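What follows is a single structure, written as structure tokens, with notes after it.
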Amino acid sequence: MVDQAPRINGERLLRDLHDLRKFGARGTGVVRRSLTAVDVESRHWLVERMKDAGLDASIDGIGNVFGLSKKSGKALLVGSHTDTQPEGGWLDGTLGVMYGLEIARAFAENDSTQEFAVDVASWIDEEGTFSLGSLGSEYFCGLLADDALESAENEAGQSLLDALKEAGFDKTPRARLDSQRYAGYIEGHIEQGPYLEDEGKSIGVVTSIAGMRNLAFTFEGEQNHAGTAPMDRRKDACRKLIELAGRINHVLSDHVVPTTVWTIGQIELIPGSPNIVPGAAKMTLQIRDGEESRVEKLTSLVVNLAADLDDPEGVRIAVDPKADRMIGTVMDDGLRAHIERAAEHHVPGCWRLMPSAAGHDAQALATQIPSAMLFIPSIGGISHAFEEDTKEKDIVLGCQVLATAAASILRERR
Ligand code: HGY
Ligand code: MN
Ligand code: MN
């Protein structure tokens, strides 16, 4: 049985989401990369919204935005991220942050929950402008040491520390998690995939979050003239890259399951002229799977393939297995059960348990405190694209379900 939680104010939630969307708006999408001027501006805007909600709001020394409750007792931390990919949608991350703000406001406005403590967080750089992802939540959770921040830089070569100085955050202390303060962490997010829409479900209750491995390949051959260099004497880095890329599918095919995904997201040919045989090339490969052991196996298969194709007399191949990112994570059963009950209460039978193939800040928080996630449908399953969108009724429903879950969690654990 679920006690009725306070009704969230859907209009206020949508207004704030549309207002936040304006920071970096590009048509229907958003470009708001970590610590750009528009991102910094949006963080100050968020602080003001949190203050309006009666929270003790600030931006810490790494750029995380916190709205802390002044109530006593164990708090529930509700958050996500407001930075975007180079081309992002208006809801990826921002949904969960504004859910937290709306839940904090609705609880404060209702007699039955006005003593409940809800903290709200917007984690910096979940989308990996300066890192491999979830920099802010990982730092908050003590998964990143300060010296790990020294080497972080964006694609333009700007260091994280310089960007923090430019933003004016460098003099502020960097917050770390006080796990005693919290009953747990919950995050609302768009599904970013097709399954809820395909099945006509309104809510996803996340069971686990996939593990991820990022591999960076470099190819070293010999730059030469595209006209005069005979084909049989070339050390063409591009040709070797295509040979490796073309064989990955075949090498992996016997070891994957339907939810295994891999992506070649970046390719660079150097120097990149139509009249020059590329002497060098770069390629990234990202592998994700719900089973950590399978991520490990697939990674070693690809690394071994590269070793087989490496040619000491011709094109050399090197691979840099980036530090393990986003180790596969299982959501907390207890918190997840609260979200399940809330979903069944609001939309009986119109919800499902499901894994997340996307990485989330909840993976970092889950290493320290009980954590759980809720999904709402993505139209066409599209995300990390300007076309990303969700029906407004689904946005409002998701917040109400999460608010109901939050109230029952705090009734039980505060
Ligand atoms: O790529 C991811 O899984 C996350 O959206 N950054
Ligand atoms: Mn994302
Ligand atoms: Mn996200």
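The values are calculated or read from the model by the stated rules, or taken from the named source; none is laboratory data. This structure is a prediction, so every number in the text was calculated from the model and none was measured. A quick note on method: Cβ atoms are made from the backbone with ideal geometry, for glycine too, and the neighbour counts reach across all protein chains shown. Protein only, heavy atoms only, side chains kept; ligands, DNA and RNA dropped before computing areas. Shrake-Rupley method; radii C 1.70, N 1.55, O 1.52, S 1.80 Å.
Has the stretch 326-348 got at least one residue that is open to solvent by less than 50 Å² (accessible area, probe 1.4 Å), at pLDDT below 95 and aliphatic (A, V, I, L, M)?
Within the stretch 326-348, one or more residues are open to solvent by less than 50 Å² (accessible area, probe 1.4 Å), at pLDDT below 95 and aliphatic (A, V, I, L, M).
Run Asp254 past the list (1) under 22 Å from the mean Cα position of the chain (by Cα); (2) open to solvent by 70 Å² or more (accessible area, probe 1.4 Å) and report the number of the one that doesn't hold.
Of the numbered conditions (1) under 22 Å from the mean Cα position of the chain (by Cα); (2) open to solvent by 70 Å² or more (accessible area, probe 1.4 Å), the odd one out for Asp254 is (1).
Quick one: is Leu335 under 20 Å from Val257 (Cα atoms) and either away from ligand 1 (no atom under 16 Å from the Cβ) or part of a strand (DSSP E or B) (or both)?
no
Looking at Ser137, Ser122, which one is assigned to a strand (DSSP E or B), within 16 Å of ligand 1 (Cβ to nearest atom), within 17 Å of Leu164 (Cα to Cα) and touching a strand residue (DSSP E or B) at 6+ places or on another chain (Cβ under 6 Å)?
Ser122
Looking only at the stretch 67-81, count how many residues are in contact with a helix residue (DSSP H, G or I) (Cβ under 8 Å, 6 or more places away or on another chain), away from ligand 2 (no atom under 16 Å from the Cβ) and not in a loop (DSSP other than H, G, I, E, B).
Counting residues in the stretch 67-81 that are in contact with a helix residue (DSSP H, G or I) (Cβ under 8 Å, 6 or more places away or on another chain), away from ligand 2 (no atom under 16 Å from the Cβ) and not in a loop (DSSP other than H, G, I, E, B) gives 5.
Scan Gly100, Gly93 and give me the residue that is among the small types (Gly, Ala, Ser) and within 13 Å of ligand 1 (Cβ to nearest atom).
Testing whether each residue is among the small types (Gly, Ala, Ser) and within 13 Å of ligand 1 (Cβ to nearest atom) leaves just Gly93.
Please find, within the stretch 335-387, the residue that is farthest from Arg413 (Cα to Cα) out of those that are hydroxyl-bearing (Ser, Thr, Tyr) and within 15 Å of ligand 3 (Cβ to nearest atom).
Ser383
Conditions first: (1) buried (at least 24 other Cβ atoms within 10 Å of the Cβ); (2) more than 16 Å from ligand 1 (Cβ to nearest atom). Ser80 passes all but one, so which condition is the exception?
(2)
Phe219 versus (1) touching a residue at least 12 places away in the same chain (Cβ under 8 Å); (2) open to solvent by 30 Å² or more (accessible area, probe 1.4 Å); (3) not aliphatic (A, V, I, L, M): which is the lone unmet condition?
Evaluating Phe219 over (1) touching a residue at least 12 places away in the same chain (Cβ under 8 Å); (2) open to solvent by 30 Å² or more (accessible area, probe 1.4 Å); (3) not aliphatic (A, V, I, L, M) leaves (2) as the failure.
Within the stretch 356-397, how many residues turn out to be out of contact with any Gly (no Cβ under 8 Å at 6 or more places or on another chain), polar (S, T, N, Q) and more than 16 Å from ligand 2 (Cβ to nearest atom)?
Count: 1.
Sort out which residues of the stretch 301-325 are open to solvent by 50 Å² or more (accessible area, probe 1.4 Å) and either in a helix (DSSP H, G or I) or polar (S, T, N, Q) (or both), and write them in order of number.
Listed by number, the residues that qualify are Asn304, Ala307, Asp308.
Among the residues of the stretch 82-105, which ones are near ligand 3 (Cβ under 10 Å from one of its atoms) and either more than 18 Å from Asn64 (Cβ to Cβ) or small (Gly, Ala, Ser) (or both)?
Gln85, Gly88, Gly89, Leu91, Gly93, Gly96
With the requirement that a residue be within 16 Å of Val97 (Cα to Cα) and surrounded by fewer than 16 Cβ atoms within 10 Å (Cβ to Cβ), what does the stretch 17-40 give you?
Hits for the stretch 17-40 are His18, Asp19, Lys22.
Under 8 Å between Cβ atoms, at least 6 apart or on separate chains: pull out the pairs that start in the stretch 76-90 with a residue that is under 14 Å from Gly27 (Cα atoms) and end on any residue that is within 9 Å of ligand 3 (Cβ to nearest atom) and not in a loop (DSSP other than H, G, I, E, B).
Gly89/Ile190
Can you say whether Ser72 is farther than 27 Å from Ala152 by Cα and not charged (D, E, K, R), as far as the supplied structure shows?
Considered against the rule, which asks whether it is farther than 27 Å from Ala152 by Cα and not charged (D, E, K, R), Ser72 comes out as yes.
Need the failing condition index for Ser151 against (1) within 16 Å of ligand 1 (Cβ to nearest atom); (2) more than 18 Å from Ala364 (Cα to Cα); (3) at pLDDT below 95, just the number.
(1)
So Ala148 passes all but one of these: (1) open to solvent by 30 Å² or more (accessible area, probe 1.4 Å); (2) more than 24 Å from Leu215 (Cβ to Cβ); (3) of a type outside the set (Ser, Thr, Tyr); (4) part of a helix (DSSP H, G or I). Which condition number does it fail?
(2)
Considering only residues that are open to solvent by less than 20 Å² (accessible area, probe 1.4 Å), among the acidic types (Asp, Glu) and under 27 Å from Glu388 (Cα atoms), which ones fall in the stretch 85-126?
Matches in the stretch 85-126: Asp92, Glu102, Asp125, Glu126.
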